[in-house]
């Protein structure tokens, strides 16, 4: 792959020139010659039609792709247009997060970060550290959901019940949820209270302080 086609769309806080600098740097580090398409000079549809399967389709950040003045929501537009773009291009890239559609989990994190920006109504440029922080948050959320699903499964039923009685609802030995969590297996120690309650229920069990 030797060529990239990039799409730029200015936001109130991020100019096309600033986006172009980021995109050109990303492409240069990969030895890609880049053709720039600016919303101020060309319609998005022209860029989409121009992209070839032997080329990279590069965006300064994925949410830049979403249109906010169409019949569908920006989030829906992003999802649908990304699917179309992936069918046209050899690879699609987010220059801010340094993630491509060939990167698996990192790509899903980039999509989640873009959708989060859209929901927040943000057009601001993120620093690389901010963008990566959003991606990490998405990764942590996905990992937490997987852990909850595993521990709610039938395969974990016996161990789940054992831990529920011995630790989670044992309010005598563990006076708060944080101290109870510390006694759980490593994977569960990463979860927040809400996720743990989805697995074990509330901490109001039948454990009682022994009579003296």
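Do we find a residue being modelled with pLDDT under 90 and either at positive phi or in contact with a strand residue (DSSP E or B) (Cβ under 8 Å, 6 or more places away or on another chain) (or both) anywhere in segment 175-191? No: segment 175-191 contains no residue that is modelled with pLDDT under 90 and either at positive phi or in contact with a strand residue (DSSP E or B) (Cβ under 8 Å, 6 or more places away or on another chain) (or both).
Scanning segment 53-82 for residues that are in contact with a strand residue (DSSP E or B) (Cβ under 8 Å, 6 or more places away or on another chain) and over 12 Å from residue 6 (Cβ atoms) yields a count of 3. Selection within segment 8-40: residues that are in contact with a helix residue (DSSP H, G or I) (Cβ under 9 Å, 6 or more places away or on another chain) and exposed (fewer than 12 other Cβ atoms within 10 Å of the Cβ). The member of this set that is farthest from residue 88 (Cα to Cα) is 40.
Looking across segment 39-66 at every residue that is at pLDDT below 95 and not in a helix (DSSP H, G or I), the one that is nearest to residue 79 (Cα to Cα) is identified as 66.
The values are calculated or read from the model by the stated rules, or taken from the named source; none is laboratory data. Everything numeric here is computed off the predicted structure, so don't read it as measured data. Because the Cβ atoms are built from the backbone with ideal geometry, glycine has one as well, and the counts that use them run over all protein chains shown.
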